[in-house]
1. Hey, could you pull the Cα Rg and Dmax for the stretch 69-112, both in Å?
2. Angle check, please: helix 3-24 long axis (alpha carbons) against the longest principal axis of the chain (alpha carbons), in degrees 0 to 90, nearest 10.
3. What's the FRET efficiency of R54 with L99 using the Cβ-Cβ distance as r and R₀ = 41 Å, to the nearest 0.05?
4. Taking a quarter of the surface of the Cα convex hull of the stretch 65-163, what do you get in nm²?
5. Which of the GluC sites (Glu not before Pro) found in the stretch 85-164 are in a DSSP loop and have at most 16 neighbouring Cβ atoms, other than their own, within 10 Å?
6. If the cut-off is 19 Å between C-alpha atoms, which aspartates and glutamates fall inside it for K130, apart from same-chain ones fewer than 8 positions away?
7. Hey, rough spin-label estimate for E35 and Q74, points 7 angstrom out along Cα→Cβ, what's it come to in nanometres?
8. Counting only DSSP beta bridges with both residues in the chain, tell me the antiparallel percent, nearest 5.
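We did not get these values from a lab; they are worked out from the coordinates using the rules stated. Because the structure is a prediction, the values reported are computed rather than measured. For neighbour counting, all protein chains shown are included, and Cβ atoms are generated from backbone atoms with ideal geometry for every residue, glycine included.
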Amino acid sequence: MPPLVRRVSVALLVLAAAVGLAACGNKPATRTTGETEGTYLNLGPLVYQVQLSRQLNPKDIEDQTYLQGIAPAQALLTSQQTWFGVFIRVANETDEAHLAAANFSIVDTQDDVYRPVPQAAANPFTYQPKMLPGGHIIPDPDSVAGEGVIQGSLVLFKLPNTALDNRPLELVVTDSLDNSARVKLDV
């Protein structure tokens, strides 16, 4: 093979390899853990994001709206408990419908696990797991929760005050296939 043809062949092979490697860098990384809220977490075909988490004050007018629809037996707090809201957004970036996760928990540094408090579906801020069509998000952008400042649906927890001492708290999301993702909450 003449030297010029060999050099051109090698140059073309190097160029083809560089283009191939560059294309790999354009694919977003799949993430199942996040160090802070706002991280996009891949859980199966859906993408989850904690918009905000915070303690809720039942005497605050805004927070009273978030706390509507709690069963009377669950509604009262002791002096050793606090309401804690996690506002999430779920995106289906595929063309097919997929079931949004229904299993959430908060885990503290002592490995104590806390489950959400059930709320009535009538509360427009409450997260409701559902079959999410392709290209759609929870909350629906035209809903009260979607048009609000937070733009997230509420997963409500009743935590003992001691849980706030055992930070960082992590939200764990588990889908129907037992895939899970976790993110540290900014408490």
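1. So, for the stretch 69-112, Rg and Dmax equal 15.9, 48 Å respectively.
2. Once rounded, one gets 10 degrees.
3. Working: r = 28 Å, r/R0 = 0.68.
That gives a FRET efficiency of 0.90.
4. Result: 7.2 nm².
5. Values: sites: E93, E96, E147; in loops: E93, E96.
Filter output for the stretch 85-164: E93, E96.
6. The qualifying aspartates and glutamates are E93, D95, E96, D140, D142, D175, D178.
7. Between E35 and Q74, the simple spin-label model gives 3.4 nm.
8. On the way: 39 of 42 bridges.
Of those bridges, close to 95 percent are antiparallel.
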